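A.B. asks: Mind looking over this structure? Questions follow.
The values are calculated or read from the model by the stated rules, or taken from the named source; none is laboratory data. A quick note: this is a predicted structure, and the numbers were derived from the prediction, not measured. Cβ coordinates were reconstructed from backbone atoms using ideal geometry, including for glycine residues, and neighbour counts include every protein chain displayed.
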Amino acid sequence: MQTSKTRKILDRNHDVAGPPRKGAMLVLICVMLFAFVATVALSVDVAYMHLVKSELRSATDAAAKAAAENLARTQNPSSALQRGQEIARLNMVANRGLELRASDFEMGRSDVGNDGKFRFSIAGSPINSVRVRGTRTNSSTGGSVSLFFGRVFNTSTFQPEETATATYIERDVVLVVDRSGSMLDFNKFRDLKLAISVFNSVLNSSPVIERVGLASYSSDATEDVPLTDNLSLIDAAMQRMSADGFTNISGGIDAGGNIMQRGRSRAFVERTMIVLTDGMENRGRRAIRAAEDQAALGVVIHTITFGRDADRRAMRDVAAIGKGRSFHADNGTQLEAVFREIALTLSSILTE
């Protein structure tokens, strides 16, 4: 039984506890819900800002490339400006085409510095580059970009800016192809002829006129076509060519270098050599030695290995020495894609 003393103690404790706090949990839930909604709102706006910045970058790049292409073809800055503006409008940034003013375009020259990076100069000549400043700011034609929930954070707009420079560079290109006996396996020689035809077709569609030469090698090496802007001569020489013998890659590089040295001055053009093989070198000196000679003369060397028996490691070394890229193709379809990719990168490049 409870004594009277015990009851008094219990009554005292009850009085100290006070009335029940029924709304405390509801307040906590509301605070957490507000924080959750704010976090979601911030995430949505941040993701949207990244998307818009990416769209602006793509639109600015496209405008610069289009203007540079037109400039190379027409040598008319006004025409290049108009073309760049047209292409910019076709690219959506925050659900509207990018509007660029004439003052957003600068035309000049880009040259490679000692560090290998391009430097753009408005005063440079002859003109080979277009620099474009793409903006969606309060002062731009398109205005700033409205955010979905920015007002919650006292920031209602986003003002991205991007700059891109596109450069067209004249190039002398020499193809050095493998005509050893192994190229007859699996119709690889036929695939090579088709791939080079694709390469020439892509170059012919470019507004910049490239000069292309052809050298080939097996046990020996030959200078088949001097540098020419008539690319049908390259196709014709490939159709006449037959395959047999061993693999003298260095001889092919040397022959390609001889063709290159009879081309235009490297003070005015870039020099590019594309070396293809389907096997391993077994005649002549090492290919890397020949690559070193060409690299010393300012020739950029890209390499292509074709088929499972090609020495991919050695050709990667050759490309590294020549400051070029190394490609591999397992079949004819892939080989065409490689030659198409190289051809597309020869004329127009984004340098900034």
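A.B. asks: Out of (1) more than 30 Å from Ala94 (Cα to Cα); (2) modelled with pLDDT under 95, what's the single condition that is false for Val152?
C.D. replies: In the conditions (1) more than 30 Å from Ala94 (Cα to Cα); (2) modelled with pLDDT under 95, Val152 misses (1) alone.
A.B. asks: Kindly indicate whether any position in the stretch 190-212 is modelled with pLDDT of 95 or more and either in a strand (DSSP E or B) or under 20 Å from Ile321 (Cβ atoms) (or both).
C.D. replies: Yes.
A.B. asks: Within the stretch 213-233, track down each residue that is closer than 27 Å to Arg285 by Cα and not in a strand (DSSP E or B).
C.D. replies: Ser218, Ser219, Asp220
A.B. asks: Turning to a different aspect of this structure: Quick check: is even one residue across the stretch 117-139 surrounded by fewer than 16 Cβ atoms within 10 Å (Cβ to Cβ), within 30 Å of Tyr48 (Cβ to Cβ) and free of Cβ contacts under 8 Å to residues at least 24 places away in the same chain?
C.D. replies: Yes, the stretch 117-139 has at least one match.
A.B. asks: Within the stretch 276-294, is there a residue that is surrounded by fewer than 21 Cβ atoms within 10 Å (Cβ to Cβ) and either closer than 30 Å to Arg109 by Cα or touching a Cys at 6+ places or on another chain (Cβ under 8 Å) (or both)?
C.D. replies: yes
A.B. asks: Which one of these does Gly298 not meet: (1) out of contact with any Lys or Arg (no Cβ under 6 Å at 6 or more places or on another chain); (2) on the phi > 0 side of the Ramachandran plot?
C.D. replies: Result: Gly298 fails condition (1) only.
A.B. asks: Can you go through Ala310, Ala314, Ala329 and tell me which one is buried (at least 17 other Cβ atoms within 10 Å of the Cβ), farther than 19 Å from Leu214 by Cα, assigned by TED's automatic domain parsing to the domain that holds Glu223 and in contact with a Leu (Cβ under 6 Å, 6 or more places away or on another chain)?
C.D. replies: Working: Ala310 fails: in contact with a Leu (Cβ under 6 Å, 6 or more places away or on another chain); Ala314 fails: in contact with a Leu (Cβ under 6 Å, 6 or more places away or on another chain).
The match here is Ala329.
A.B. asks: Take Gly252 and decide whether it is crowded, with 19+ Cβ neighbours inside 10 Å and modelled with pLDDT under 95.
C.D. replies: Details: crowded, with 19+ Cβ neighbours inside 10 Å: yes; modelled with pLDDT under 95: no.
No: the conditions fail for Gly252.
A.B. asks: Just for the stretch 67-91: of the residues that are small (Gly, Ala, Ser) and in contact (Cβ under 8 Å) with a residue 40 or more places away in the chain, which one is surrounded by the most Cβ atoms within 10 Å (Cβ to Cβ)?
C.D. replies: Only one residue fits best here, namely Ala68.
A.B. asks: Given the criterion part of a loop (DSSP other than H, G, I, E, B) and among the hydrophobic types (A, V, I, L, M, F, W, C), identify the matching residue among Ala314, Ala337, Ala310, Ala290. Don't jump to the end; show me each part of the working.
C.D. replies: Values: Ala314 fails: part of a loop (DSSP other than H, G, I, E, B); Ala337 fails: part of a loop (DSSP other than H, G, I, E, B); Ala290 fails: part of a loop (DSSP other than H, G, I, E, B).
Selected residue: Ala310, the only one of Ala314, Ala337, Ala310, Ala290 that is part of a loop (DSSP other than H, G, I, E, B) and among the hydrophobic types (A, V, I, L, M, F, W, C).
A.B. asks: For Glu281, which of the numbered conditions (1) farther than 21 Å from Asp244 by Cα; (2) out of contact with any strand residue (DSSP E or B) (no Cβ under 9 Å at 6 or more places or on another chain); (3) touching a residue at least 24 places away in the same chain (Cβ under 8 Å) fails to hold?
C.D. replies: (1)
A.B. asks: Return the residues of the stretch 92-104 that are in a loop (DSSP other than H, G, I, E, B) and surrounded by fewer than 17 Cβ atoms within 10 Å (Cβ to Cβ); say none if nothing qualifies. Break it down stepwise before answering.
C.D. replies: Applying the first criterion (in a loop (DSSP other than H, G, I, E, B)) to the stretch 92-104 yields 94-95, 98-101.
Residues satisfying the conditions are Asn95, Arg101.
A.B. asks: Looking at (1) of a type in the set (Phe, Trp, Tyr); (2) closer than 30 Å to Gly252 by Cβ; (3) over 24 Å from the mean Cα position of the chain (by Cα), find the lone condition where Tyr168 falls short.
C.D. replies: Only one criterion is unmet by Tyr168, namely (3).
A.B. asks: Which residue, of Ala319, Ala310, Ala337, is more than 24 Å from Asn187 (Cβ to Cβ), among the small types (Gly, Ala, Ser) and free of Cβ contacts under 8 Å to residues at least 40 places away in the same chain?
C.D. replies: Just a single option satisfies the conditions, and that option is Ala319.
A.B. asks: Oh, and also: Within the stretch 117-124, identify whether any single residue is among the aliphatic types (A, V, I, L, M) and farther than 30 Å from Glu99 by Cα, and answer yes or no.
C.D. replies: Checked against the condition, which is being among the aliphatic types (A, V, I, L, M) and farther than 30 Å from Glu99 by Cα, the stretch 117-124 yields no hits at all.
A.B. asks: Given the conditions (1) surrounded by 15 or more Cβ atoms within 10 Å (Cβ to Cβ); (2) in contact with a strand residue (DSSP E or B) (Cβ under 9 Å, 6 or more places away or on another chain); (3) of a type outside the set (A, V, I, L, M), report the number of the one that Arg262 does not fulfil.
C.D. replies: The one condition Arg262 does not meet is (1).
A.B. asks: If you check Gly284, Gly257, Gly279, which single one turns out to be part of a helix (DSSP H, G or I), of a type outside the set (Asp, Glu) and either in contact with a helix residue (DSSP H, G or I) (Cβ under 7 Å, 6 or more places away or on another chain) or not assigned by TED's automatic domain parsing to the domain that holds Phe186 (or both)? Break it down stepwise before answering.
C.D. replies: Details: Gly284 fails: part of a helix (DSSP H, G or I); Gly279 fails: part of a helix (DSSP H, G or I).
Answer to the check: Gly257.
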